[in-house]
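Report on one structure; see the data block that follows.
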Amino acid sequence: PGRTRIGRRRRRSREAPCSPLLAPPPALLCRPQMAQAMAQGDDSKQRQENEAEEGVDLSIPPSSGVVEDTIVGINRVLSVLATPLEILLIFLWELLPLRVRNVVIVTSFHGIVALYRLLCACCSQDSDLSAEAQALCGLMRMGTYVPVNLRRVRFGLESLSYAYPPPEGVAIVKVTFSKGGIGYWAATGPSGSVDLGEEKDGGGKSRKPVLIWFYGGAFVGGSAKGNVGAAAAIGLRVGCDVLCVHTRRAPEFTIQDMRADALDAYDWILERRGPDEVAVLGISSGGGIALLMLQELLKKRKHLLPAGAALLGPWIEYTQITDSIRSNTIHDLVVNQRVYEFIHPLIPAICGGQAHRKEVSAYFGPVEGMCPIHISYSLKEVCVDENTHLAKRLRKAGVELQVYTHPTLMHAFQLFFKFLPESQDCMDNIVEFLRAKLKIS
């Protein structure tokens, strides 16, 4: 309990010098210590109170500079003019078979990494990041200049399905829950057979345990169908089946609706598995939904808590703009300033109204008696303050806890496990935790 693991440094053979052409932002090259992050989280609220007294608008992140703001302004105009072409290109792209899109994505990434290594051959600058991570950071840095809207957020998040199509031999079945919610069941058995019943096999051994997967997307994007390939890949490694739950999305629906979807899925699972055969994984906003569901169980049905839960950079605080959100949107290449500008005005509506923001923030919910928890996040991402605070509360409550941090990468870096050694290392740690809690040898 209380074990903290920092992403370990990769061997020099996996690293490459950093090119000024594709370099990640300077903050990605620093290495803050965990103690500094803890202190930052503790002081965040006090700093905000001081700034509020001085008249600082806490809803506005620091400016990224005149040049970048000018580029973004020009891109806003160009993006409006190019909207018809953008919609056409997306339509044509989605006509391609999923496996073809996967080949294009994977081949393009390996090509970019090879080009990056070539450009870096004569550069002496060093970094602890792998060549793959440095290349990806440089590529994603370009996205910080692109204005964000709902169509782009949802399209970008669906690209996860292109990177992780369902593995060969895994059967994917769409299921409907008792209250009308839906999900995708990934059967990871050797024959790809789907067993949703309550029977035992001939040897008297229970069927495979189940991992319930809640995707991320700032509540406005992502989908179960788009995540089921990545979820199945992790299920194969853990040795369990996976239920990828489709929660309703904002702005059409609220967090209260999403929490109801999560509980509907969990009740459906409990008709087929015991709670000790179930684990939960939530990513970003999906981590917030997962924790809200667990807190609801803790309050009313504590004996039905799952065997464990892995929260990947969970977004759980919706009442205030934390210090790390204000500061790290400059550095975070997933939740960058353009994403912040789009999401922040929607938060009251996402929460079902201004008056409900605290009620639906798992940040304030009960934790004493919670099931074992694994939290992973980057020390330079936007959610570091609330994740540090959550870990502190869990430790104080005596909850079995494992924490994995990486010093420099972006929010939800764990999902790049197919591409980055750093993400693979973190996912190895998560898989180890899930296997232990589900008692899979």
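Any read-out appearing in this document is the output of simple, stated calculations on the displayed coordinates, not a laboratory observation. For clarity, every value in this text was computed on a predicted model and none was experimentally measured. All Cβ positions, glycine included, derive from the backbone under ideal geometry; neighbour counts span all protein chains shown.
HN-Hα J couplings of the stretch 388-401 from phi, Karplus 6.51/-1.76/1.60, θ = phi - 60°, integer Hz, Gly and Pro as x?
Taking θ as phi minus 60°, the curve returns 5, 5, 4, 4, 5, 5, 5, 4, 4, 7, x, 6, 5, 9 Hz for the stretch 388-401.
Ordered by residue, what ³J(HN,Hα) values in Hz, to whole numbers, does the stretch 84-96 give under the Karplus form 6.51 cos²θ - 1.76 cosθ + 1.60, where θ = phi - 60° and Gly and Pro are x?
Karplus values, whole Hz, x for Gly and Pro: x, 5, 4, 5, 5, 5, 5, 4, 5, 4, 6, 6, 5.
Rounded if a/c is under 1.5, else prolate if a/b beats b/c, else oblate: with a ≥ b ≥ c from the C-alpha gyration tensor eigenvalues square-rooted, which is the stretch 304-352?
Details: a/c = 2.51, a/b = 1.53, b/c = 1.64.
Cα axes put the stretch 304-352 in the oblate bin.
Would you kindly calculate the mean projected area, averaged across all directions, of the convex hull enclosing the Cα atoms of the stretch 203-317, in square nanometres?
Here the figure is 7.3 nm², rounded to one decimal.
Where does the charge balance sit around Met258 when Lys and Arg score +1, Asp and Glu -1, over other residues with C-beta under 9 Å from its C-beta?
Local charge sum for Met258: +1.
Quick check on the stretch 375-441: take the gyration tensor over C-alpha atoms, sort the square-rooted eigenvalues as a ≥ b ≥ c, and tell me if it's rounded (a/c under 1.5), prolate or oblate.
Cα axes put the stretch 375-441 in the oblate bin.
For the stretch 226-346, give the magnitude of the charge dipole about the Cα centre (Cβ charges: +1 Lys/Arg, -1 Asp/Glu; no others), in debye to the nearest 20.
Roughly 140 debye, rounded to the nearest 20.
Run down the lysines and flag those whose C-alpha is under 22 Å from the C-alpha of Lys418, throwing out any fewer than 8 positions away in its chain.
Of all the lysines, those that pass the test against Lys418 - Cα under 22 Å, at least 8 places apart if same chain - are Lys225, Lys380.
Pick out, from Gly288, Met258, Thr319, the residue whose Cα sits farthest towards the positive end of the charge dipole of the stretch 258-326, with +1 on the Cβ of Lys and Arg and -1 on the Cβ of Asp and Glu.
So the residue we want is Thr319.
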